[in-house]
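Worksheet for the structure shown next.
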Amino acid sequence: MDIGGDAVIIGNAEQNDNEQPPNLNISDVFEAISLTDPLFGAHVAAVEDAMAHQPAPTQVQVPYVRIVQQPASKALRFRYECEGRSAGSIPGASSTPENRTYPTIKIYGYTGLVTIVVSCVTKDEPFRPHPHNLVGRDRCDRGVCTIRTEITEENNEYQFRNLGIQCVKRRDIAEALRIREELRVDPFRTGFGHRNHPQSIDLNAVRLGFQVFVPDATGKMRRPLAPVASEVIYDKKAMSDLLIMRASHCSGRARGGTQVILLCEKVTREDIAVVFYLEDKNQVIWEETAIILLVHKQVAIAFETPAYRIPNITEPVNVRFQLKRLTDNARSNSLPFEYYPEFQDPNYIGGKRRKILAPSLLQSTYEPERFQQEQKLIKDEPRGEL
């Protein structure tokens, strides 16, 4: 978020849940907070006075934010607005059915009123604004959550109980980021140039970006603390367990290139790989990625086997292969695969032991064939003139 007082349109945290927040300049919102709360500026003075009378520290003590309860990584399904149903609530990483937890931040070195702004950012650094929106009862408007609360020595945490993630379609990325730029919500100041490269944005994964603002010397909520980003949240639908059901081949040449088709549970083409590996004493000593040729309706993969690490083997080698999800490195069950040698010696076939056909089998094979030939000759014999 721009902290210089420029125009930003964000929902006012003081409105009722059923009302739509009006379009306001963010500086007007912060100034309104100052005017409606006579004690607002006193908090700043109290903090500054307390800090002035503290013993001189070895380093300057600056208020900061920490995430003390990360969001669960694979517990929430991202939903589209057109689905017409609740996006749910992001649970905490340690949440259980008996003891539910939620993403929680803790503010150190400060007591008083704060404004917390939460938005989605990309999973990879640098953390850029993500087009997905936050929705829910926690004061969310236009994809951004804005909270005004008071931090005390007894309670310096804030728990986000009603945050859901509403996903956008790839064709709507540019518009979603345009709105975010209009709001000037850019926690890590990385800009919005990535909207011109929508294919680079992973729509199955986000992080939560937390910004905390405290009052400045004038009493306006314009002093930012360093932003923090949560662990990655993956779309539960896209992150289902990997499972190989069946494969068309279980052996191939050591030099690779054998085409294999496998059936599996739903996968995403951009987020899946087929890896071959060899273990020795429970240690992976070789691993290579296959060349994916086609992913058919997310449940079938056609690929070419990679070459074994020693293409000129003289004896078969048993390895295994499995699916690997790129975003979280999850692995599927594995199936065996045998690499067999490439025999280039022309005498190899001639040197193999000849198999002798049993006379009875030879006779049973020859007699029907001879009968068919005789019948054909009789049928084709021309009739004489009458």
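Values as computed for the structure displayed
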| quantity | calculated |
| --- | --- |
| Flag for residue 182 being in contact with a Lys or Arg (Cβ under 9 Å, 6 or more places away or on another chain), surrounded by fewer than 19 Cβ atoms within 10 Å (Cβ to Cβ), of a type in the set (Asp, Glu) and within 27 Å of residue 102 (Cα to Cα) | no |
| Hits in region 160-189 - residues which are in contact (Cβ under 8 Å) with a residue 40 or more places away in the chain, in a loop (DSSP other than H, G, I, E, B) and within 13 Å of residue 121 (Cα to Cα) | 185, 186, 187, 188 |
| Condition check for residue 178: modelled with pLDDT under 95, farther than 30 Å from residue 309 by Cα and touching a helix residue (DSSP H, G or I) at 6+ places or on another chain (Cβ under 8 Å) | no |
| Within region 317-356, considering residues that are in contact with a Ser or Thr (Cβ under 8 Å, 6 or more places away or on another chain) and outside any strand (DSSP E or B), the one modelled with the lowest pLDDT | 328 |
| Count of residues meeting criterion [in contact with a strand residue (DSSP E or B) (Cβ under 8 Å, 6 or more places away or on another chain), among the basic types (Lys, Arg) and over 25 Å from residue 274 (Cα atoms)] in region 203-247 | 3 |
| Elements of type strands (runs of 3 or more DSSP E) contained in region 201-262, each with 2 or more residues being under 30 Å from residue 185 (Cβ atoms) | 205-214 |
| Region 278-304, subset more than 26 Å from the chain's Cα centre (by Cα) and in contact (Cβ under 8 Å) with a residue 40 or more places away in the chain, residue surrounded by the most Cβ atoms within 10 Å (Cβ to Cβ) | 278 |
| Residue in region 188-199 that is of a type in the set (Phe, Trp, Tyr), in the same structural domain as residue 124 (by the TED database) and buried (at least 20 other Cβ atoms within 10 Å of the Cβ) present | no |
| When residues of region 143-157 are limited to those that are in a loop (DSSP other than H, G, I, E, B) and in contact with a strand residue (DSSP E or B) (Cβ under 7 Å, 6 or more places away or on another chain), the one surrounded by the fewest Cβ atoms within 10 Å (Cβ to Cβ) | 156 |
| Among (1) under 21 Å from residue 107 (Cα atoms); (2) touching an Asp or Glu at 6+ places or on another chain (Cβ under 8 Å), the one test that residue 230 misses | (2) |
| Those residues of region 114-142 which are more than 19 Å from the chain's Cα centre (by Cα), in contact (Cβ under 8 Å) with a residue 40 or more places away in the chain and not in a strand (DSSP E or B), in sequence order | 136, 137, 139, 142 |
| Residue in region 81-92 that is within 24 Å of residue 135 (Cβ to Cβ), among the aliphatic types (A, V, I, L, M) and modelled with pLDDT under 90 present | yes |
| Residue list for region 246-277, restricted to those being farther than 28 Å from residue 313 by Cβ and either buried (at least 17 other Cβ atoms within 10 Å of the Cβ) or over 23 Å from the mean Cα position of the chain (by Cα) (or both) | 264, 267, 268, 271, 272 |
| Residue within region 297-306 that is farther than 18 Å from residue 332 by Cβ and among the polar types (S, T, N, Q) present | no |
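The values are calculated or read from the model by the stated rules, or taken from the named source; none is laboratory data. The structure presented is a predicted model; accordingly, all values stated were derived computationally and were not measured. Positions of Cβ are backbone-derived with ideal geometry, glycine not excepted, and every protein chain shown enters the neighbour counts.
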